[in-house]
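Written out below as structure tokens is the structure these notes cover.
Values in this text are rule-based calculations from the coordinates and carry no lab data. Just so it is clear, the model here is predicted, and its values are computed rather than measured. With ideal geometry, Cβ positions are generated from the backbone for all residues, glycine too; neighbour counts draw on all protein chains shown.
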Amino acid sequence: MAMNDTDDLLEDHAEAVGEGCLLVDYCGELTLLEVDQTLVFGRGAELDIDDNAFLHRQLGRFEHRDGRWWLVNTGSRIELEMFDRKTKASARLTTGTSQMLPGESLLVHFVAGSTRYELLVYGPPISRVEPAEPSDTVGLHLIPWTHEQRLLMTVLAESLLRNPHQPLRLPTNDEAQTRLGWSKTKFNRKLDNLCERLTNLGVRGLDKGVGGRNNDRRRILAEVCVERGILTDSDLDALDDHGTEGDRTS
């Protein structure tokens with residue numbers, strides 16, 4: 001199906017998408033998701049892709065959380081790739097990972113055996129992260145932060161600061177700890193304290209969640225810091241200087 005043809009499909013569902021819904025198109029089969037719904041795709045799944053034996057029965061899932069739509073790779077070995085049709089940015093999801101949809105008009109590619117598949121995805125306009133209460137007018141960029149808090153925020157949000165038109169490339173905990181020269185204990189303690197402070201200031205999604213784990217809070221933290229103007233280019237300079245200091249003392 002040509003690009004222009006898919007744009008025409010969106011016009012019929014523009015109002016629903018504008019209300020926060022997600023439209024998924026696979027070979028002309030349209031599925032419209034509301035925010036309380038999920039969609040699993042794969043071989044024989046809710047969205048039945050193909051009877052290809054190389055295709056996982058549950059390859060991926062679209063879901064809505066923290067005010068945004070996400071794609072989750074639920075397969076065991078097949079990689080998913082998202083491509084933003086407007087910015088041309090792309091993101092790869094390995095098995096077990098999730099990614100916030102980076103745009104409003106996307107292609108999702110994956111390969112099973114020798115066959116390549118494509119989903120067309122249309123979402124609502126991307127909006128800025130808002131505080132928990134609409135009446136909360138706290139300017140997070142005006143609040144004083146310690147040097148180490150700013151270093152932690154910067155190492156998580158570095159890719160967004162350096163490449164603002166690309167999806168976030170979040171470092172692993174080990175990569176962030178090594179970059180900062182911190183122990184695992186110090187890193188986790190600083191992360192807990194920072195998330196708690198921002199939660200008290202009205203930012204959602206940074207609590208530890210059920211069982212004391214929240215694998216998305218680092219991603220949310222990075223995006224909030226950039227979207228709310230907490231970080232600037234000078235923080236990148238401070239992070240680079242911190243790494244240089246570590247090299248000199250090692």
Rough spin-label spacing in nm, given labels placed 7 Å along Cα→Cβ, for THR185 and LEU32:
5.6 nm
Separation in nanometres of the label points that stand 7 Å from Cα toward Cβ, at LEU107 and ALA238
4.1 nm
Rounded FRET efficiency, nearest 0.05, which uses the C-beta distance separating THR97 from GLU196 and R0 of 25 Å:
0.45
State, as an integer percentage, the relative contact order of the range 3-122 based on alpha-carbon contacts under 8 Å between residues 6 or more apart.
20 percent
